[in-house]
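Trainee: Got a structure for you, questions after.
A short reminder: the numbers here are calculations on the coordinates, not readings from a lab. Keep in mind that this is a model prediction, so the values were computed, not measured. Positions of Cβ are backbone-derived with ideal geometry, glycine not excepted, and every protein chain shown enters the neighbour counts.
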Amino acid sequence: MSQVPSGLRYSKTHEWVRVMPDGLLEIGITDHAQRALGDLVFVETPEPGRRVSAGEPYAVVESVKAASDVYCPVAGEIAAANTELASAPERINQSPYEAGWIARIRPDDAAAVAKLLTPEQYSKLIEAEGD
Amino acid sequence: MGRRTPLYELHRSLGARLIDFGGWDLPLTYGSQLDEHHAVRKAAGLFDVSHMGIFDVRGRDARALLERLIANDVGKLQAPGKALYGCMLNESGGVVDDLIVYYLDAPGEAHDGLRDGERFRVVVNGATRETDLTWIRSQARGLDAEIIERVDLALIAVQGPEARAQVARVLAPGEAAASLALGRYRAAQIGDLYIARTGYTGEDGFEVMLPAAQAQDVWQRLNALGVVSCGLGARDTLRLEAGLNLYGHDMDASTHPFESRLGWTVALEPRARRFIGREALEAVLARGIDRKLIGLELDGRGVLRAGQRVIAADAGPRAGSGHGQGIVTSGTFSPTLQRSIALARVPAATAGTVRVDVRGKLLEASVVEPPFVHLSTKGSP
């Protein structure tokens with residue numbers, strides 16, 4: 001069973017969002033997503049300053065098996081990217097919700113987070129997908 | 001639900017991620033396919049390949065049937081226990097399947113001097129075993145050759161520098177010595193186990209055919225010795241690093257051995273042997289081979305994958321018209337080299353570097369001669 005930590009919000013496309021104390025949003029892919037992808041070998045993180053809209057691909061994760069776009073759950077500006085993933089992509093496999101964060105964004109609308117899935121809703125979604 | 005091997009329940013209890021592979025439910029990985037890959041390169045891993053077809057062929061015409069079916073020469077199999085890799089071809093020279101044929105024995109020989117009892121064992125790909133069986137039986141019509149599908153046997157591959165020693169540890173002392181005495185591409189019935197010194201990883205090791213009911217026990221005893229359970233994911237990265245083709249990807253019924261790096265498996269001598277596909281291959285050789293299978297190594301980041309377009313670097317303005325173009329047939333990330341490798345079918349003149357369309361970007365790749373990973377060939381020949 002995949003982990004779905006409480007206190008985070010989720011997208012239908014298997015990204016998670018954490019609201020940081022400074023109002024930035026930390027984003028990454030879920031445990032369910034990393035399990036489905038398998039061992040990651042390359043991660044392409046976005047350039048800080050780049051503007052992304054909700055649902056737009058902002059990163060690429062590539063496993064031995066396949067390459068996948070990662071979609072931005074909320075519109076905003078990239079404030080920081082986890083550049084350590086370039087040399088250690090396995091952090092996403094080992095720690096998808098902590099060391100494996102992909103980017104931090106400054107949201108256009110902080111309230112947009114409330115429209116994302118709750119942990120309960122996301123758990124139901126992946127259960128329906130056979131997690 | 002797909003077909004299940006005798007080890008299905010064990011895979012589930014080991015936490016394997018199961019996928020559909022040619023109609024079979026098989027483990028992709030038990031955790032990390034990279035860890036499984038490295039275990040085979042550094043120590044030993046074991047694979048359930050019971051989905052592969054095991055056919056015993058016996059009868060007065062068994063040898064003649066295989067000489068007609070296989071492009072390599074079964075005449076090379078004069079000593080029981082010897083194994084031979086080869087391809088079955090269709091009349092157009094396309095590859096029906098690749099296989100290993102083992103010469104089991106000739107029990108009738110001692111009695112009457114006739115090889116009426118010769119027995120061979122053929123091991124074919126899982127995805128093609130039904131079509132192969134139909135093909136072999138259709139070619140056996142009118143011959144004294146019986147084909148028996150050994151659904152009673154499981155097939156476990158134990159691969160890696162420590163694989164043979166580990167297998168020996170689960171055998172009785174006399175059997176252990178017999179298994180360790182096997183030369184490369186040799187096999188023997190040792191107790192209940194038919195042990196072959198063959199594999200698909202580029203490493204030394206064994207492929208073990210054994211009664212299905214014993215498979216789980218042998219697997220668990222090997223696990224207990226530290227032999228790592230490995231899935232199809234690691235099997236694919238290992239075989240590609242070793243430069244070994246995968247049927248259905250790197251060759252199929254529409255490609256012939258000479259454009260698939262398999263020319264070495266075609267025995268044109270003796271000329272009198274009329275194997276299926278021979279005339280088509282002779283015509284190919286007469287008019288010249290226009291495509292070839294090459295190895296590619298990506299210089300930068302990214303992963304080459306099957307289906308990606310290859311453009312020969314010197315293709316020039318005609319590149320868009322289909323000249324100088326090729327296709328990746330197998331591609332992956334090489335855990336040993338830490339960069340991407342691939343096999344690709346390209347025009348015969350291709351050399352040096354090529355460009356590959358990787359997710360919309362044209363990336364430069366070097367043409368290299370497989371195997372990609374140069375493996376130490378430890379142990380006796």
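Trainee: Taking H placed 1.01 Å from N in the peptide plane, check which residues at least 5 places from B:THR198 or on another chain put their amide H under 5 Å from its amide H.
Mentor: So B:THR198 has HN proximity to B:GLU207.
Trainee: State, as an integer percentage, the relative contact order of chain B based on alpha-carbon contacts under 8 Å between residues 6 or more apart. Kindly include the intermediate steps, with their values, before the conclusion.
Mentor: Working: 869 pairs, mean separation 69.3, N = 381.
In percent, rounded to a whole number, it is 18.
Trainee: Using DSSP H assignments, which helices in chain B have an axial alpha-carbon span of 18 Å or above and a mean Kyte-Doolittle hydropathy of 1.6 or higher?
Mentor: Span-like helices, by this rule, are absent here.
Trainee: Related question: Is any residue of segment A:31-47 close enough, with backbone N under 17 Å, to a label point placed 7 angstrom from the Cα of A:ALA88 along the Cα-Cβ axis, and if so, which?
Mentor: Hits in segment A:31-47 for A:ALA88 at 17 Å: A:40-45.
Trainee: Please check: in the Gaussian network model of chain B (C-alpha springs, under 10 Å), which one of B:VAL208, B:VAL356, B:VAL284 has the largest mean-square fluctuation.
Mentor: With Cα springs under 10 Å in chain B, the top fluctuation among B:VAL208, B:VAL356, B:VAL284 is at B:VAL284.
Trainee: If you don't mind, another one. So what does the Cα-only Debye profile of segment B:169-221 read at q = 0.20, 0.28 Å⁻¹, as log10 I(q)/I(0), no solvent term?
Mentor: Summing over Cα pairs of segment B:169-221 leads to -0.72, -1.24.
Trainee: Taking a cut-off of 12 Å between Cα atoms, list the aspartates and glutamates near B:LYS76, but don't count ones fewer than 8 places away on the same chain.
Mentor: By straight Cα distance, B:LYS76 reaches B:GLU67, B:GLU269.
Trainee: Per DSSP H run of at least 4 residues, take -39500 (n - 2.57); add these up for the protein assembly as shown, divide by its residues and hand me the 222 nm value, nearest 500 deg cm²/dmol. Could the numbers behind the result be given before it?
Mentor: On the way: 13 runs with 109 residues, N = 512.
Theoretical 222 nm ellipticity from helices: -6000 deg cm²/dmol.
Trainee: What is the packing order of peptides B:195-204, B:222-231, taking the mean over residues of other C-beta atoms within 10 Å and listing the highest first?
Mentor: On the way: B:195-204: 23.1, B:222-231: 19.6.
Going from most to least packed, we get B:195-204, B:222-231.
Trainee: At a Cα cut-off below 17 Å, give the lysines reachable from A:LYS124, other chains included and same-chain residues fewer than 8 away excluded.
Mentor: A:LYS12, A:LYS115
Trainee: Hey, another quick one. Mind running the shape call on chain A? Use the C-alpha gyration tensor, a ≥ b ≥ c as the square roots of the eigenvalues: rounded below 1.5 for a/c, prolate if a/b tops b/c, oblate otherwise. Working shown, then result.
Mentor: Numbers: a/c = 1.67, a/b = 1.07, b/c = 1.56.
Taking the square roots of the gyration eigenvalues as a ≥ b ≥ c, chain A is oblate.
Trainee: Of the residues B:GLU91, B:GLU297, B:GLU207, which exhibits the maximal mean-square fluctuation in a Gaussian network model of chain B defined by a 10 Å Cα contact cut-off?
Mentor: Judging by the Gaussian network model, the answer is B:GLU91.
Trainee: Exposed loop GluC sites (Glu not before Pro) only (DSSP loop, at most 14 other Cβ atoms within 10 Å): please give the longest stretch of chain A free of them, not including the sites.
Mentor: Numbers: sites that count: A:GLU98, A:GLU129.
Answer - A:1-97.
Trainee: For the protein assembly as shown, what is the charge dipole size about the Cα centre, in debye to the nearest 20, if Lys and Arg each add +1 at the Cβ and Asp and Glu each add -1 at the Cβ?
Mentor: Values: 57 positive and 66 negative charges, 151 e Å.
The calculated dipole for the protein assembly as shown is roughly 720 debye.
Trainee: Ok, one more. In nanometres, what is the gap between the two model label sites at B:ALA348 and B:GLN78, each 7 Å from Cα along Cα-to-Cβ?
Mentor: 3.4
Trainee: Also: Calculated FRET efficiency, B:TYR85 and B:ARG291, Cβ-Cβ r, R0 25 Å, to nearest 0.05? Walk me through the numbers before you get to the answer.
Mentor: Values: r = 22 Å, r/R0 = 0.88.
The value I calculate is 0.70.
Trainee: Please work out the FRET efficiency for the pair A:GLU56 and B:ARG141, using the Cβ-Cβ distance as r and a Förster radius of 41 Å; give the result to the nearest 0.05.
Mentor: Working: r = 62 Å, r/R0 = 1.51.
Step by step, r from the Cβ atoms, then E = 0.10.
Trainee: In Å, what is the Rg of the alpha-carbon atoms in segment B:137-237, and how long is Dmax?
Mentor: Final numbers for Rg and Dmax: 15.2, 50 Å.
Trainee: Let me ask something else about it. Would you mind listing how long chain B runs along its three principal axes, going by Cα atoms, in whole Å with the largest first?
Mentor: Between the extreme Cα coordinates on each principal axis of chain B lie 70, 51, 43 Å.
Trainee: Moving on to the next point. Relative to the compact globular guide of 2.2 N^0.38 Å, what is the alpha carbon radius of gyration of the protein assembly as shown, as a ratio?
Mentor: Numbers: Rg = 26.0 Å, N = 512, 2.2 N^0.38 = 23.5 Å.
Rounded to two decimals, the normalised Rg is 1.10.
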